[in-house]
Amino acid sequence: MGLTTREAESRLGQYGPNVLVPDRHRLPAILRFLKPLADPMAVLLLVAAPTYLLLNDYADAAVTLAALIPIAGVNVLLESRAEHAIEQLKRLTAPTAAVVRDREVRQVPVAELVPGDLLELREGDVIPADAEIVDGLQMMVDESALTGESHPSSKSSAAADDERLLYAGTNVLSGHGRCVVTETGPRTRFGQIGTLVASIEQDQTPLQKLIHRLVLQFSVLAGVVCVIVAGIQLVYGNSLGDAVIAGVSLAIAAIPEEFPMVFTLYLGLGAWRLARSDALVRKLAGVETLGATTIICTDKTGTLTLGELELAALATGTTAVHSGEPLTPETRALLETTVLACEPQPFDPLELAIRRFADAAGSTPPEPAAELVADHAFDPVAKYMSHIWRANGGSVIAAKGALEGILDVCQADAEARRAAHALNETLAGEGMRVLAVARGDLPGDATTRAADELHLQFQGLVAFRDPVRPGVLEALGECRDAGVRVVMITGDHPLTARAVARDLGLPAGEEMVVTGPELEALDEAGRVERLERTAIFARAMPEQKYEVVRALREAGETVAMTGDGINDAPALREADIGIAMGRRGTQVARESATLVLLDDNFATIVHAIRDGRRIFENLRRAMTYLIGFHIPLLFAAVLVPLLGQPLLLLPIHLVVLELIVHPTVSLVFESDPAPTDLMQRRPRKRSEGILRRRDAIRPLLTGFTLSFACVAVYLGELARDVPEERARAIGFATMVIGQTLMVLVERSPEMPLWRAQYRGALVLGVIVVGTIATVVAATAIPGLSGLMKLEFPHPSEWLLVALAAMVSTLWFEPFKRSLGRKAADTGFAQPSAA
């Protein structure tokens, strides 16, 4: 009968709107844009910009303000990703639904559905709320996005409780019927998942935290130096304006704003490479995090497997013929009967798989003259169906379904029954889904179902498998070599999961398997202990997938989660990096993920891991260079004013240095290939910083020796009564050339320069030549040298520049020779030339 409009309005007030995913609190756009401006570097930029304006330096003011745009824009873009995922989750359900209200069918907005509403469903509908069928037979519903099961579910009003229930967000494949809404909004299974997805707050990646901390520490140091320099300027009688611009300009140059910019650029270029390999990166930091992955939690259906059933075996008597083997007369007859038990125009994946196999084997469908005279519906209790065909003056009945149901209605002796059960257990143990088939010749025309099925005789078993996806075996092998543990999480039966694991080469012993209910029964300590030795999670519910990923992260693992269904969305968001399938994946999974595999190829993950590791190695080298780069700036800015001498570095020199460092770290280090052994190394620890102690000591020492050389050369030239502008040019050239040599030093941290690889290093050559040309132009071109307050040095002074730069930066090279030999013997140090 349905509800009346008044009843529906009353219940809407009681239960609330049928909104499956709650709205997340979202800041206004202006506040989301201003939020990143609280960063220390951004604060200094905001201080510097008006200072430049007051000094009528409009060019530097414009550049400073422009630098704020990408900082705020990237943060806003990443923040909006979560809201977009939730919006896509909402769009999955139908916007309107056919409901009986006031004794007539009406189209009402899905948000206005209430418990007790009478829904009308037909083929192609998206079910908008949890419901129970009250009128309908042979409805087939695709619940794979919610349950992970690849085959559709049969629903009927005459079935058992579970088979009468419908769930929001699933799709009606065939049939039609009426159902009563039982739950709406966040109380539905879909809504519970949506609420979980919306509530997950994604943390920064480990490297993001490290870079933020490093920038903050340098910002504090730069702020202290800024105050010192401004104070020194005032002590020596300079104006307040000169003191402020000297201090603030130095702080801007000293703060390593390149760190987050280089980080974003490297990951962006990595994402571009991955896109060319059919992997779409939705969150840039995920590229780096994937390189640190220690565990991949992967869904079985549609990820490790194709998610498409295929007929894998035909069994008669006590033996089975597997796909690819020649059919015996008995198995060919079994196949022909199985075709007769299918719909003439099949839609069910199992029947489609049967038809494909039959076509390939030459077992054609029923003759055109054959007539389907009876289509007995699927029995939800005994779980079987039967068809009666009439052709050539006779009638035949064919049935298929669950083994127990078929054996109950057909003729088979005790020995045949024992053999059938044994074969069923064997095939099921191999991870196959098994159907029993029976056939009988009718003495006349069809009568009643019960009478006709008395003629059925058991014929054999038909088994189906969800095949392993091509390339997965090789990808899993590379994961093992790289020290990445793979854990399979599935809603399947443990036997099925173990069979697939054996095919994949994953640990598949009984002790390696835990089911969802077993995990739920353990206390916290027992759960952690079980997780450490488990490779397969079977019968897992969506909430448990999320809990498993969360527990692994809390145990210190860097977790990647692959999946393609609605049920995977919470775990995808909770994981350090979520990986969704692009073709089979639901929109919710894709929007919740960090990485989307456009080709649904598990092997693409290996490419991403490799590129993530390469990016981290190149970032490490770029960061060590930046440390060494900034030390001479700080040293010269503090020591020279403290001694009462004219500034070595003026604001315009700092601008030139910034123009040199950005292309250097952005292009030279990023373009270096990966070390040849990169995928044989263990994943780095979650707590490991971007700079190890030995990585930091070398650039610190080199930076200080270069600082002493620059200041010594500058002060020495002033002491010889060399003009200030020429002395500054000598000191400035020493610093720039020394920093260029530091690129070579940090590019090969464990291998001396004469043993490093330079083949294909075109970018390096362009940067080195361009940097030296810039220094020469800045001192030789009259207009430019006047603007920069530099004077072209004499030839002998250029020799002094080269000697000071080389001695102060290349002094460590002989010490790297022994390290290089050791690294060469083990194959760990040097980037490959590929």
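FYI, it's all coordinate maths here, none of it is from the lab. These figures come from a predicted structure and were not determined experimentally. Please note: Cβ atoms are built from the backbone with ideal geometry, for glycine as well, and neighbour counts cover all protein chains shown.
At a glance:
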{"quantity": "Two-site label geometry, ALA555 and GLU310: point separation in nm, points 7 Å out along Cα→Cβ", "calculated": "3.5"}
{"quantity": "Two-site label geometry, ALA780 and LEU454: point separation in nm, points 7 Å out along Cα→Cβ", "calculated": "11.0"}
{"quantity": "Derived scalar couplings ³J(HN,Hα) [the stretch 10-17; Karplus, 6.51 cos²θ - 1.76 cosθ + 1.60; whole Hz; x for Gly, Pro]", "calculated": "5, 5, 5, x, 7, 9, x, x"}
{"quantity": "Rotationally averaged projected area of the stretch 478-570 (alpha carbon convex hull; nm²)", "calculated": "6.0"}
{"quantity": "Subset of LYS383/LYS545; LYS209/LYS300; LYS209/LYS283; LYS545/LYS685 violating a 22 Å alpha-carbon distance limit", "calculated": "LYS383/LYS545; LYS209/LYS300; LYS545/LYS685"}
{"quantity": "Whole-Hz ³J(HN,Hα) from phi, Karplus 6.51 cos²θ - 1.76 cosθ + 1.60, for the stretch 294-299, glycine and proline x", "calculated": "10, 9, 10, 8, 10, 6"}
{"quantity": "Efficiency of FRET from Cβ geometry, GLU724 and SER671, R₀ 41 Å, rounded to 0.05", "calculated": "0.55"}
{"quantity": "Protection-proxy order for peptides 331-337, 224-230, each taking the mean of Cβ atoms within 10 Å per residue, highest first", "calculated": "331-337, 224-230"}
{"quantity": "For the stretch 337-345, Karplus couplings with θ = phi - 60° (6.51, -1.76, 1.60), whole Hz, Gly/Pro x", "calculated": "5, 4, 5, 5, 7, 9, 5, x, 10"}
{"quantity": "Principal axis dimensions, largest first and in whole angstrom, of the stretch 705-787 by Cα", "calculated": "44, 29, 15"}
{"quantity": "For the stretch 326-410: relative contact order, % (alpha-carbon pairs under 8 angstrom, 6 or more apart)", "calculated": "24"}
{"quantity": "Virtual paramagnetic centre 7 Å along Cα→Cβ of GLU343, amide N under 19 Å, in the stretch 95-124", "calculated": "121-124"}
{"quantity": "Projected-area average for the stretch 432-545 over all orientations - Cα convex hull basis, square nanometres", "calculated": "11.3"}
{"quantity": "Other-chain or far-sequence residues with amide H under 5 Å of GLN459's (modelled H)", "calculated": "VAL437, ALA438, ARG439"}
{"quantity": "Spatial separation of Cα centroids for the stretch 290-358 and the stretch 411-468, in angstrom", "calculated": "16"}
{"quantity": "Long-range HN-HN contacts of MET139 with modeled amide H, under 5 Å", "calculated": "LYS155"}
{"quantity": "Point-to-point label distance, ALA360-ASP102, nm (Cα→Cβ direction, 7 Å offset)", "calculated": "5.8"}
{"quantity": "Placed amide H near THR298: partners under 5 Å, 5+ positions off or other chain", "calculated": "VAL487, MET488, ILE489, THR562"}
{"quantity": "Overall form of the stretch 298-380 per C-alpha gyration tensor (a/c, 1.5; a/b vs b/c)", "calculated": "oblate"}
{"quantity": "Gain on full stretching of the segment that runs from LEU642 to ARG533 - 0.36 nm per residue minus C-alpha separation", "calculated": "33.0 nm"}
{"quantity": "Extension reserve of the LYS789-GLN14 stretch, reckoned as 0.36 nm per residue once the Cα distance is removed", "calculated": "271.2 nm"}
{"quantity": "Length released on extending from LEU753 to GLN192, taking residue separation times 0.36 nm less the Cα-Cα span", "calculated": "196.0 nm"}
